[in-house]
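*Asks:* The structure follows.
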C-alpha cells in the first residue's frame with residue numbers, strides 16, 4: 001500500500017495533498033459529515049489508545065505518516081465512487097458493477113462491506129459503550145440493552161435522506177464537544193504533557209519501538225481512516241457537489257481525523273501516563289484518563305461523546321445497509337428484514353468478547369483492501 005500510494009501520488013502530481021478550504025466552506029457538506037460520521041466513531045478513540053498500549057507511542061507517528069502517504073488511495077477511491085454513482089448512491093458494488101462490469105465480484109464486495117461495516121464496525125461501537133458503562137457505574141447488561149434498543153429503534157425507520165439530515169447536526173456537535181473536553185484537559189495539565197513527551201521521546205528511536213510502532217500504527221491507520229474499505233467511495237457518491245469538491249471533502253476528512261483525533265487522544269494519554277501506569281484494557285484506560293483530566297464530570301461527558309460517536313457511526317452503517325439494499329432489491333419487505341437483522345446483530349455484541357470482534361474485523365478489512373486495490377488498478381488501465 002505504501003509503495004503503490006507513492007506511485008499514485010507521483011501520477012497525480014501530488015494533487016492528493018491539495019485543499020481549497022475557502023471553496024469547501026461554501027459547498028454542501030452532507031457528504032463530508034457522512035464521511036466524518038463513518039470514520040470518527042468509538043473505534044477512532046480506541047484505535048489510537050489500543051495502538052499505544054500494544055505498539056507504544058511510536059505507533060502514533062506511523063499512524064500520521066501512513067495516513068498522509070495513502071491519501072492518493074483515498075483520492076482514487078473518492079473519484080471512482082463519485083464517477084460510478086447511481087441516484088447519489090455509490091460504493092464498491094457500484095464501482096465494480098458499472099466500472100468493471102463484473103457482476104459476481106460486485107455482489108461479493110457488497111456482502112463483505114455490509115458484514116464488515118454495517119455489522120462488525122457497529123458491534124465494536126456498542127461493545128465499547130457497554131464496557132465503558134460497566135467501568136463507570138457497573139451498570140447491568142439489561143439497562144445497556146435497553147439503551148441500545150432505544151437508539152436503534154429511533155433510527156430503524158429513518159429514510160436515507162433523514163439519516164443524512166441527522167448526521168449534518170450530530171457530527172459537528174460531537175466533534176466540537178470532543179475537542180472542547182480534550183483541550184480543557186491539555187490546557188490544565190500542559191506541564192505534565194511536556195514532561196511526559198520528553199520522557200517518551202527518548203524511547204521513540206529504539207529499533208523495537210520503531211518496528212512495533214510501524215506494524216501497529218499502519219494497521220490502525222487503515223482502520224481509523226477506513227482506507228480502501230469502501231466507505232470513502234460511498235460518502236463520495238452521496239455528494240451533490242462536483243467531483244473535484246467531492247474528492248477534496250474526502251481528503252479533508254483524512255487530514256482532520258489524523259491530526260485532530262490522533263493528536264488529542266495521544267496528548268491525553270501522555271498526560272495520564274506522567275503520573276499513572278498504563279493498563280492493558282483500553283476501555284478501562286479511556287475511562288481512567290478522562291477521569292484524571294477532569295474528574296467525574298469529564299467521564300460523564302466522555303460517555304455522552306461515545307454515545308454520539310457510536311450513534312453517528314451506527315447511522316452511517318445503517319445508511320450503507322439501507323441505501324444499497326433499497327437500490328438493488330427495491331423491496332420494502334427485504335429492507336425491513338435486513339433492518340431487523342441489523343438490530344439483533346448489533347445488540348448481540350454486548351455479550352461478545354471484543355478481541356473476537358477486532359480479529360474478524362481486521363480479516364475482512366484485508367479482504368476489502370484486496371478487492372478495492374484490484375479495482376483501482378483495473379480502472380486505471382481503462
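Just so it is clear, none of the values below were taken in a lab; they were calculated from the coordinates. Predicted model, so just to flag it, every value in this text is computed and none were measured. Every residue, glycine among them, receives a Cβ derived from its backbone with ideal geometry; neighbour counts consider all protein chains shown.
*Asks:* Quick check on the chain: take the gyration tensor over C-alpha atoms, sort the square-rooted eigenvalues as a ≥ b ≥ c, and tell me if it's rounded (a/c under 1.5), prolate or oblate.
*Replies:* Numbers: a/c = 1.71, a/b = 1.23, b/c = 1.39.
Oblate, since a/c reaches 1.5 and b/c is not below a/b.
*Asks:* Related question: Most mobile of 298, 355, 196 per a Gaussian network model of the chain (Cα springs, under 10 Å)?
*Replies:* Between 298, 355, 196, it is 355 that shows the largest mean-square fluctuation.
*Asks:* Looking at the chain as a GNM with Cα springs under 10 Å, which of 173, 290, 94 has the largest mean-square fluctuation?
*Replies:* Judging by the Gaussian network model, the answer is 173.
*Asks:* Among 147, 73, 110, whose mean-square fluctuation peaks in a Gaussian network model of the chain (Cα, cutoff 10 Å)?
*Replies:* 147
*Asks:* Right, something else. Need one number: nm distance between label points at residue 107 and residue 20, each 7 Å from Cα along Cα→Cβ, rounded to one decimal.
*Replies:* Distance between label points: 4.3 nm.
*Asks:* For 70, 297, which order do you get if you count the other beta carbons within 10 Å of each Cβ and list the fewest first?
*Replies:* Numbers: 70 25, 297 12.
Listing 70, 297 from fewest to most nearby Cβ atoms yields 297, 70.
*Asks:* Here is a follow-up. What's the FRET efficiency of residue 360 with residue 191 using the Cβ-Cβ distance as r and R₀ = 45 Å, to the nearest 0.05? The partial results should precede the final answer.
*Replies:* Details: r = 43 Å, r/R0 = 0.95.
Computed FRET efficiency for residue 360 and residue 191 comes out at 0.60.
*Asks:* On to the next question. Given only helices, namely DSSP H runs of n ≥ 4 each adding -39500 (n - 2.57), what is the per-residue ellipticity at 222 nm of the chain, to the nearest 500 deg cm²/dmol? Could you put the intermediate results ahead of the total?
*Replies:* Working: 18 runs with 294 residues, N = 382.
It lands at -25500 deg cm²/dmol.
*Asks:* I would also like to ask the following. Which ordering of 240, 174, 13 is given by a fewest-first count of other beta-carbon atoms within 10 Å?
*Replies:* On the way: 240 11, 174 23, 13 8.
By the 10 Å Cβ count, ascending, the order reads 13, 240, 174.
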